[in-house]
Amino acid sequence: MEQLIVSVSGIRGIYGKDLKEEDALMFGKAFGLWAKGQNIAVARDTRLSGEPLKAAFISGLLWAGKNVSDFGIAATPALTWFTEKTDGFYGSIITASHNPVEYNGIKLINSCGTFLNLKQFESFFNTYKNIEKKKSKKPGVYFFDAHLMDRFFSSLFNFIDVSSIRKKRIKVVVDPVEGVGAIYSKKFLEMLGCDVVMINSTLPGIFSHPPEPVPSHLRHLGEIVKKENADIGFGQDPDCDRLLLVADNGMCVSEDLGFSVLINWILQRKKGPVVVNIATTKLVDDICRDAGVEIFRTMVGEVCVVEKMKEVGASAGGEGNGGVIFPDFHYGRDSFIGMALALEMLAKTGLNLSEIIKKFPQYYFVKKKIKFPSEKISGLYKKLKEKFTDGRIKHLDGIRIDFEDAWLGIRPSGTEPIVRIFVEGKDTKTVNSLIKEVQECINSFYKTV
C-alpha cells in the first residue's frame, strides 16, 4: 500500500496494485464501525473496477452491522445531496474522480453530506488501523435503489428558472468522458428543453481521453460545438463534480474562468459571501469586490470550503477546478447545478457565452505538476521565501505568495504523488517570469540536497 493515497480527499490508488478488493473490504469494515448512524448510502462511477470494489466495501459495511442503500452508478453530487438531506445516513462513493482510468478510490461522506474533515478522517483512520482487533456485528440489511438520480434532478429543478431555459431551446454538446454523465446528462438536459448532442458517451468506463475537464483535454468538444452551431458545450469528469464550459465559438473556457462566470451569476441572483480555496483564481476577488461581498479563502479540499461556507453563510463557493457549490441547493461541488446555472444565465441575459466572458478581466493562469519528494517540501518553501521577499506569504495550504497583480502557490497534491504549482497574473510576461524563477528555485534545491 505504499502508493495508496489516504487523505481527507479520500482513498485513492491504482486498481489491482495499490487498491484491491481486500483493501476496500477493510475500509468498509472501518467506516461501518466508525459511522454513528445505522444507514450508509453507497454508489460508484463507471470505472470497470468500481463494481468489485463496491461489492467488497459493502461487504465490510454489512460485517460492521450497517444497513446499506446501494444506488448503483450515480454522481458524487447526488450522493452528497442525499446524505445532506436525509436524516441518519452516512455515504461513500467508489470513484477516483478526475484521475486516469487505472485509478480508483473511495470517498467517505459524513452525516451532514460533506466529506470527512481532518479530525473526522483521523478518527476513522485510527479505527481502520485497529480493524483486525475488532469483532463483527449482527449483519446489516442490503437494499438496491436505482432512482437516486431522478430524485436528485427533481430537487435541483426547484432552484433554477426552468421555464426560461425551456423557452430558449438551447443547443448543447456534452462530453462526459464515458463517466456517470454518459448515462444521465442527456436526460437531464432534455428535461430542461435542450437540444442535446452527446460525444464520448458510449462504453461507460472506457475513457476516450484524460478525464480531468481542462481545455487541453477537451479541444474536440470545442470543435463539435462549433461544427454543430451549438450555444454551449459542457465537459464533465467521471463522477460529475467538475465542469468545464465551452463557448458558442468553440473556445474551451479555462476551468477557472468558467467557475468565476458561474460565481458571478449566482451573486446576481443573491448577494452574499463567497468561499473558495487558496488555489482559485484572483478573478473571483474582482467579482466579489464589484458585487460588494466578502471573499474567504480556505485550504484546498471541498470539505474545507463547505465548512467555511456554512460558518459565514455564503451565497456561493467552490474550487477553481470547475467545482462550483450552490448552497441553496446543496453543499457540494456539482456539474449538474453548474450546467443548469449556465443555461439559466444564457436564457435570462439573452447573451452568448462568448459575449459574457468578454466582460471579465483577463488573467493568465498556469498550473503545473511535478514529482518532488514530499518529505523535503519544507526546504523548497524556505528557498521560495528567500527568493520572493517582496511578496505577501501565506502558509494556509503549502505556500502562497501574493504580489500586486500576480501570485504563485505550491502545495503537495492530496490525490496524486506530486507537487502542484500555480502561477497567475494579468500578463504573460509576469507569469512566465515567475514560472522561470520558481523553476530556478526547484533546480537549485535539487543541486543542494
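The values are calculated or read from the model by the stated rules, or taken from the named source; none is laboratory data. Nothing here was measured: the structure is a model prediction, and the numbers come from that model. For neighbour counting, all protein chains shown are included, and Cβ atoms are generated from backbone atoms with ideal geometry for every residue, glycine included.
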Residue under question is F372, and the condition is that it be surrounded by 15 or more Cβ atoms within 10 Å (Cβ to Cβ) and in a loop (DSSP other than H, G, I, E, B); does it hold? yes
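Answer yes or no: is there a residue in the range 132-152 that is acidic (D, E), modelled with pLDDT of 95 or more and at positive phi. Working first, answer last.
Initially, the range 132-152 is screened for residues acidic (D, E), giving 132, 145, 150.
Those still in the list that are modelled with pLDDT of 95 or more too: 145, 150.
Now narrow it down to the ones that are at positive phi: none.
Checked against the condition, which is being acidic (D, E), modelled with pLDDT of 95 or more and at positive phi, the range 132-152 yields no hits at all.
Hey, among V300, V312, V306, which residue is farther than 14 Å from G258 by Cβ, at pLDDT below 95, assigned by TED's automatic domain parsing to the domain that holds N158 and of a type in the set (V, I, T)? Working first, answer last.
Working: V312 fails: at pLDDT below 95; V306 fails: at pLDDT below 95.
Exactly one residue qualifies, and that residue is V300.
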Does I106 satisfy the criteria of being out of contact with any Phe, Trp or Tyr (no Cβ under 8 Å at 6 or more places or on another chain), within 19 Å of E51 (Cα to Cα), surrounded by 20 or more Cβ atoms within 10 Å (Cβ to Cβ) and in contact (Cβ under 8 Å) with a residue 60 or more places away in the chain? no
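Pick from the range 109-158 the residues that are of a type in the set (D, E, K, R) and touching a Gly at 6+ places or on another chain (Cβ under 6 Å): which of them is nearest to A30 (Cα to Cα)?
From the range 109-158, those of a type in the set (D, E, K, R) are 119, 122, 129, 132-135, 137-138, 145, 150-151; that's our starting set.
If we keep only those that are touching a Gly at 6+ places or on another chain (Cβ under 6 Å) as well, we get 137-138.
Values: K137: 12, K138: 15 Å.
By that ranking, first place goes to K137.
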Out of (1) at pLDDT below 85; (2) over 24 Å from D18 (Cβ atoms), the odd one out for I393 is which? (1)
Close pairs (7 angstrom Cβ cut-off, 6 or more residues apart or separate chains): basic (K, R) in the range 215-239, part of a loop (DSSP other than H, G, I, E, B) anywhere: K226/N249; K226/G250
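Scan F259, F234 and give me the residue that is at pLDDT 95 or above, in the same structural domain as M309 (by TED's automatic domain parsing), buried (at least 22 other Cβ atoms within 10 Å of the Cβ) and within 19 Å of V306 (Cβ to Cβ). Step through it out loud before you land on a result.
Values: F234 fails: within 19 Å of V306 (Cβ to Cβ).
When all the criteria are applied, what remains is F259.
For the range 184-207, does any single residue satisfy the condition of being on the phi < 0 side of the Ramachandran plot, touching a His at 6+ places or on another chain (Cβ under 9 Å) and part of a loop (DSSP other than H, G, I, E, B)? Working first, answer last.
At the first step, the residues of the range 184-207 found to be on the phi < 0 side of the Ramachandran plot are 184-192, 194-199, 201-202, 204, 206-207.
With touching a His at 6+ places or on another chain (Cβ under 9 Å) added as a condition, the list becomes 199.
From what is left, the residues that are part of a loop (DSSP other than H, G, I, E, B) are 199.
There is at least one residue in the range 184-207 that is on the phi < 0 side of the Ramachandran plot, touching a His at 6+ places or on another chain (Cβ under 9 Å) and part of a loop (DSSP other than H, G, I, E, B).
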Would you check if there is a residue in the range 255-266 being touching a residue at least 40 places away in the same chain (Cβ under 8 Å), in a loop (DSSP other than H, G, I, E, B) and not hydrophobic (A, V, I, L, M, F, W, C)? no
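Working only within the range 132-177, note down all residues that are touching a Ser or Thr at 6+ places or on another chain (Cβ under 7 Å) and either part of a helix (DSSP H, G or I) or more than 14 Å from M339 (Cβ to Cβ) (or both).
Filtering the range 132-177 for residues touching a Ser or Thr at 6+ places or on another chain (Cβ under 7 Å) gives 143, 145, 174, 176-177.
Residues satisfying the conditions are F143, D145, V177.
A quick yes/no check of all residues on (1) within 26 Å of D328 (Cα to Cα); (2) surrounded by fewer than 23 Cβ atoms within 10 Å (Cβ to Cβ):
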site	(1), (2)
F143	no, yes
F152	yes, no
S155	yes, yes
R169	yes, yes
E190	yes, yes
Check the range 356-363 and report whether any residue there is touching a strand residue (DSSP E or B) at 6+ places or on another chain (Cβ under 6 Å) and either surrounded by 19 or more Cβ atoms within 10 Å (Cβ to Cβ) or not assigned by TED's automatic domain parsing to the domain that holds Q236 (or both). yes
